[in-house]
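Just below is one structure, and these are the notes that go with it.
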Amino acid sequence: MATQYTEEFKNDAVRYWKDHPKLGVAKCAKNLRISKTALSNWRKIYDTNEGIVPTRERELRE
């Protein structure tokens, strides 16, 4: 089963990457113990969704 991350974790992860651009996506993802793909996807959502990466539960409720 896939790991479910909270909205707060996702938003913090994207902000971490944005705050440490010299590290790049690979190192940031490694430091956070998540995949590069997940972090890249979250950033795309974050940048197009007013700085929020919603969880599946939130998406279903709205």
### Task
Counting only C-alpha contacts under 8 Å and six or more residues apart, can you give the relative contact order of the chain as a whole percent?
36 percent
### Query
Measuring with a 1.4 Å probe in the full set of protein chains, what accessible area per residue, in whole Å², belongs to the chain?
76 Å²
### Task
Report, by chain and number, residues whose modeled amide H sits under 5 Å from the one on Val53, excluding near sequence neighbours (fewer than 5 apart, same chain).
Asn11
### Query
Of the heavy-atom accessible surface of the chain (probe 1.4 angstrom), what whole percent is carbon and sulfur?
50 percent
### Query
Using only helices, what value at 222 nm comes out for the chain when you add -39,500 (n - 2.57) per DSSP H run of length 4 or more and divide by the total residues, to the nearest 500 deg cm²/dmol?
-19500 deg cm²/dmol
### Query
Can you give the angle from 0 to 90° between the axis of helix 36-48 and the longest principal axis of the chain, with both taken from C-alpha atoms, to the nearest 10?
60 degrees
### Query
Where the centroid of each part is defined by its Cα atoms, how far is the stretch 25-44 from the stretch 1-17 in Å?
9 Å
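I need the calculated FRET efficiency for the pair Asn49 and Leu23, taking r as the beta carbon distance and R₀ as 25 Å, to the nearest 0.05. Kindly include the intermediate steps, with their values, before the conclusion.
Working: r = 23 Å, r/R0 = 0.93.
Calculated value: 0.60.
The values are calculated or read from the model by the stated rules, or taken from the named source; none is laboratory data. No experiment lies behind these values; they were computed from the predicted model shown. All Cβ positions, glycine included, derive from the backbone under ideal geometry; neighbour counts span all protein chains shown. We work out accessible area using only protein heavy atoms, side chains counted, and drop any ligands, DNA or RNA first. Shrake-Rupley method; radii C 1.70, N 1.55, O 1.52, S 1.80 Å.
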